[in-house]
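Let me begin by presenting the structure, written as structure tokens, before commenting on it.
The values are calculated or read from the model by the stated rules, or taken from the named source; none is laboratory data. Nothing here was measured: the structure is a model prediction, and the numbers come from that model. Note: areas computed on protein heavy atoms with side chains; ligands, DNA, RNA excluded. Shrake-Rupley method; radii C 1.70, N 1.55, O 1.52, S 1.80 Å.
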Amino acid sequence: MTAAMVKRIGLFGGPIAGLLCYSLLPLRYSTGPGEWVDFIQAGRATLGLMVWMAGWWLTEAVDIEATALLPIVTFPLLALRPWSKYCPPTPRT
């Protein structure tokens, strides 16, 4: 298997694996006997994005610098948190 083929598999496999992770995660999980907690959409989306990023990092399908910016782009688009929470304005000195 060539390096180009591995990168191509990672380029498409990362997002697919992230979406699979998001869709297969349970909506509720047990914290103890008879205790159930809702698994909110933001937590499931964060884990899915983490799998997506891991796929890109491991295969080097996209530059690591670009992969690291993925949460800054996707979190506001998925309405997980507002843009100002991730990129607050820098105070001037």
Q.
Accessible area of the chain with a 1.4 Å probe: how many percent of it is carbon plus sulfur?
A. 69 percent
Q. Tell me, what is the per residue accessible area of the stretch 1-69 in Å², probe radius 1.4 Å?
A. 70 Å²
(Q) Using a Gaussian network model on the chain with a 10 Å cutoff between Cα atoms, which of 34, 18, 48 fluctuates the most? (A) 34
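How large is the Rg to Rh ratio of the chain when both quantities use alpha carbon positions and Rh follows Kirkwood? Walk me through the numbers on the way to the answer.
On the way: Rg = 16.5 Å, Rh = 15.0 Å.
Radius of gyration relative to Kirkwood radius: 1.10.
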(Q) Output wanted: per-residue J couplings in Hz (rounded whole) for the stretch 29-45, from phi through Karplus 6.51 cos²θ - 1.76 cosθ + 1.60, θ = phi - 60°, x for Gly and Pro. (A) 9, 8, 9, x, x, x, 10, 10, 10, 5, 9, 5, 4, 5, x, 5, 5
